[in-house]
Amino acid sequence: MTVILRDKAALRTWRAKVTPETRIGFVPTMGALHEGHMSLMARAREAADLVIASIFVNPLQFGPNEDLSRYPRPIEADIDKLERAGVDALFLPSVEDMYPEGASTLVEETLVSGPLCGAMRPGHFRGVTTVVLKLFNLVQPHVAVFGQKDAQQCAVIERMVRDLDIPVEILRGPIVREPDGLALSSRNVYLSAEDRAAAPLIHKSLQTVAAAYQAGERDAEKLAQIGLDVLAQSDRIKVQYWEVRDPESLGAITQIGARGALLAVAAYLGATRLIDNLLLGGDA
Ligand code: AMP
């Protein structure tokens, strides 16, 4: 049975009963759970004795013109999935409980959050770090699992944990994809049939660039152009960025060297914004 904890008070009561030798694994989500999320639950299960998930569509990480109000919220189906996966507890707080009137403190990482999605979605990562730190303080997990699908989010959270000495181990779970390569995302349900048919080109652009890298190309600008050329095969895809970046700081690079690189892409299909990425190992 998955225990459903509907507010902070219920979570605190649950947490107080966990014995000190029990390792807690935590998977924060915004719900509309798919196999990508469930792979993180499985990873947490391997790393911990008790697994707790959260579902909270965090208003703080949505921009004014983003999809907060229409974000999918199939809560009964989500609870079923967590039950079947043997997840021990679900934290399901309301917005009012998480952000009481007058809340005026924000947590901001100021370097890794800057480029890529940070540049396109002002305030997004500040919303993420604020809610994730609150969730860490409430759940007090030993280990927390995040998806490589949101590579910049992983990098920002790892930096926050390091900089603020938060006593939690961060694990990254690999990207789970559809058979045709499209990365699973709660937002894929928004895609029209035509956009869904074009969407695998995003992954194909990453693979094509990885192949060029394997063949010896190291110039970041040339590699990004190869990725853009693949996406140009469909006029339904409106690229927001296609970048070759340092894998840790996400800073700009001109050549891929010993540290490898993160290939990161964001694109619109209709009104739906999709992101994907691929980590290239370095020469070292
Ligand atoms: P979200 O509900 O979109 O906030 O995602 C919750 C967690 O699931 C985040 O750590 C995501 O990176 C992760 N996630 C989302 N999609 C995937 C995927 N296709 N594969 C692996 N992890 C994912």
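Points to keep in mind about this one:
- Of the candidates A151, A144, the single residue that is within 10 Å of the ligand (Cβ to nearest atom) and part of a strand (DSSP E or B) is A144.
- Within the range 112-123, residues that are within 13 Å of G251 (Cβ to Cβ) have Cβ atoms under 6 Å from residues that are surrounded by fewer than 22 Cβ atoms within 10 Å (Cβ to Cβ) and among the basic types (K, R) in these pairs: V112/R159, counting only partners at least 6 apart in sequence or on another chain.
- Counting only residues that are buried (at least 17 other Cβ atoms within 10 Å of the Cβ) and in contact (Cβ under 8 Å) with a residue 60 or more places away in the chain, the range 259-278 holds 13 of them.
- Among the residues of the range 82-98, those that are touching a Ser or Thr at 6+ places or on another chain (Cβ under 9 Å) and either in a helix (DSSP H, G or I) or at pLDDT below 95 (or both) comprise L82, E83.
- E158, sole failed condition from (1) over 30 Å from A9 (Cβ atoms); (2) in a helix (DSSP H, G or I); (3) in contact (Cβ under 8 Å) with a residue 24 or more places away in the chain; (4) not hydrophobic (A, V, I, L, M, F, W, C): (3)
- Residues in the range 170-192 that are more than 8 Å from the ligand (Cβ to nearest atom), in a loop (DSSP other than H, G, I, E, B) and aliphatic (A, V, I, L, M): L182, L191.
- Looking only at the range 5-34, and only at residues there that are over 18 Å from H142 (Cα atoms) and out of contact with any Asp or Glu (no Cβ under 9 Å at 6 or more places or on another chain), the one that is nearest to the ligand (Cβ to nearest atom): M30
- Selection of helices (runs of 4 or more DSSP H) fully inside the range 193-284 by the criterion of at least 2 residues being touching a Ser or Thr at 6+ places or on another chain (Cβ under 6 Å) and more than 24 Å from V156 (Cβ to Cβ) returns 220-231.
- Subset of the range 1-43 [of a type in the set (D, E) and assigned to a loop (DSSP other than H, G, I, E, B)]: D7, E21
- Those residues of the range 35-51 which are closer than 15 Å to R172 by Cβ and either among the β-branched types (V, I, T) or near the ligand (Cβ under 9 Å from one of its atoms) (or both), in sequence order: G36, H37, S39, L40
- Residue within the range 54-75 that is in contact with a Leu (Cβ under 6 Å, 6 or more places away or on another chain) and basic (K, R) present: no
- Of all residues in the range 227-250, those that are farther than 27 Å from G270 by Cβ have Cβ atoms under 9 Å from Cβ atoms of residues that are of a type in the set (V, I, T) and crowded, with 16+ Cβ neighbours inside 10 Å, 6 or more apart or on another chain, in D246/I253; E248/V112; S249/V112; L250/V112; L250/V156.
- Restricting attention to the range 238-253, the residues that are exposed (fewer than 15 other Cβ atoms within 10 Å of the Cβ) and in contact with a strand residue (DSSP E or B) (Cβ under 8 Å, 6 or more places away or on another chain) add up to 3.
- Tally, over the range 147-164, of residues that are touching a strand residue (DSSP E or B) at 6+ places or on another chain (Cβ under 8 Å) and surrounded by fewer than 22 Cβ atoms within 10 Å (Cβ to Cβ): 5
- Test result for S54, of a type in the set (G, A, S), within 16 Å of the ligand (Cβ to nearest atom) and either under 20 Å from the mean Cα position of the chain (by Cα) or not assigned by TED's automatic domain parsing to the domain that holds A144 (or both): yes
The values are calculated or read from the model by the stated rules, or taken from the named source; none is laboratory data. If you're wondering where the values come from, they're calculated on a predicted model, not measured in any experiment. Virtual Cβ from ideal backbone geometry, glycine too; neighbours counted across all protein chains shown.
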